[in-house]
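Heads up, the thing below is written out as structure tokens.
The values are calculated or read from the model by the stated rules, or taken from the named source; none is laboratory data. What you see is a predicted model, and the numbers here were worked out from it, not measured in a lab. With ideal geometry, Cβ positions are generated from the backbone for all residues, glycine too; neighbour counts draw on all protein chains shown.
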Amino acid sequence: MLRCEHGVSVKLQSKKHPKTPRQKAAINAARDSSAAWDRKLEILRKEYDLIESKDKEFREKFEPSVTESNKRNYKSQNKCAILFLALCSYAGYISPDPFGEVKDRSIFCGWLGFQVLPCAHEIFNQKLTGLFALPGGTSCLKKTIQKFFLYTMKVKPLNKHWSHALDGKVPFVPSQKVSLHV
């Protein structure tokens, strides 16, 4: 505490971690985002568990990816991506490529890629958009979705045209070079 010349006590901020209003707002936004992904994960997990309990083929196909995401201690956003892809595959919105090794960290828990089915691209895009809040409008949403695919799912459009991939004209492929162990 410092007492200024007018006799008012002022608490000093720590020199190590000063928090400006902008920094505080960023911290609060990150906390809100994390909490939102936690809520989405809970919803997706319930839907996934319901299908998994009834469909042995679904469980055998997707459980290794889900288990690996839990072993890696992924954040909720990454776990949501795994469940989202599995649920979209089950619903017939996407067609996944054959799976790679789930332990290979250059790919997303075994996902080597997928293609949005052209007949289901509208509903896939609605579901995808529904994963994200719209604080920045559609231009921000477009970049957010692209980063979600590139950095979370580790996939990119085959021809670099996002609209073509989201419409089902070209597949999503690994964004990094992958060594295939056949």
Somewhere in the stretch 56-79, is a residue more than 18 Å from residue 108 (Cα to Cα) and among the small types (Gly, Ala, Ser)? no
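Residues checked against (1) farther than 23 Å from residue 83 by Cβ; (2) crowded, with 17+ Cβ neighbours inside 10 Å; (3) over 16 Å from the mean Cα position of the chain (by Cα); (4) at pLDDT 85 or above:
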| site | (1), (2), (3), (4) |
| --- | --- |
| 127 | no, no, no, yes |
| 134 | no, no, no, no |
| 137 | yes, no, yes, no |
| 145 | no, yes, no, yes |
| 174 | no, yes, no, yes |
Just one of the numbered conditions (1) within 19 Å of the chain's Cα centre (by Cα); (2) at pLDDT 90 or above is not true of residue 119; which one? (1)
Output the number of the condition that residue 51 fails; it satisfies all remaining conditions of (1) without any contact (Cβ under 8 Å) to a residue 40 or more places away in the chain; (2) closer than 20 Å to residue 108 by Cα; (3) surrounded by 14 or more Cβ atoms within 10 Å (Cβ to Cβ). (2)
For the stretch 101-111, name all the residues that are closer than 26 Å to residue 125 by Cβ and outside any strand (DSSP E or B). 107, 109, 110
Might you check whether a residue that is of a type in the set (S, T, N, Q) and without any contact (Cβ under 8 Å) to a residue 24 or more places away in the chain occurs anywhere in the stretch 74-94? no
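Per-residue answers, yes or no, for (1) surrounded by 15 or more Cβ atoms within 10 Å (Cβ to Cβ); (2) under 23 Å from residue 145 (Cα atoms); (3) modelled with pLDDT under 90; (4) in contact with a Pro (Cβ under 8 Å, 6 or more places away or on another chain):
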site: 32; (1), (2), (3), (4): no, yes, yes, no
site: 41; (1), (2), (3), (4): yes, yes, no, no
site: 60; (1), (2), (3), (4): no, no, no, no
site: 64; (1), (2), (3), (4): yes, no, no, no
site: 73; (1), (2), (3), (4): no, yes, yes, no
site: 90; (1), (2), (3), (4): yes, yes, no, no
site: 93; (1), (2), (3), (4): yes, yes, no, no
Any residue at all in the stretch 86-98 that is over 17 Å from the mean Cα position of the chain (by Cα) and at positive phi? yes
Could you go through the stretch 112-120 and let me know if any residue there is under 20 Å from residue 175 (Cα atoms), in contact with a Cys (Cβ under 6 Å, 6 or more places away or on another chain) and assigned to a strand (DSSP E or B). no
